[in-house]
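Beneath this line is the structure, given in structure tokens, with notes to follow.
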Amino acid sequence: MRGITVSIQYATSEENEEGERVTRYSKPVAVENVLVTSPSYTDETSSRDLYGVQADRKALMPRTWDYESLKGARMIIRGVTYEVLGDPQPALVDAHPTAWYVRVLLRSHHG
């Protein structure tokens, strides 16, 4: 099984001169071999964030990807931009014996 190449825009948050938090995004970084699916029926209850927002896609990040926090990040999949829900963390190595170890829930980005 082989995934597709996606692009990630990592988020950084900083305070501007008025004291407001501003989010800035990195240039897109390509990541190969990402499995991308629609959330399955069994994921329905766990594919919602704390505010009850339904995920539109699920991505599984490969072990070959050097983990970096995806909190607030955007993922571009075949030209469509999605927002990462929550703060996905790697699975425990011993408990996840596949080539993919970070489950990422995504929702469509509008704006």
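The numbers here are math on the coordinates, done by the rules we state, and not lab data. Computed from a predicted structure; not experimentally measured. Cβ coordinates were reconstructed from backbone atoms using ideal geometry, including for glycine residues, and neighbour counts include every protein chain displayed.
Of the residues making up the stretch 1-21, just one is part of a loop (DSSP other than H, G, I, E, B), touching a strand residue (DSSP E or B) at 6+ places or on another chain (Cβ under 8 Å) and without any contact (Cβ under 8 Å) to a residue 12 or more places away in the chain, namely ASN16. Taken over the stretch 1-35, residues that are of a type in the set (A, V, I, L, M) and surrounded by fewer than 12 Cβ atoms within 10 Å (Cβ to Cβ) amount to 3.
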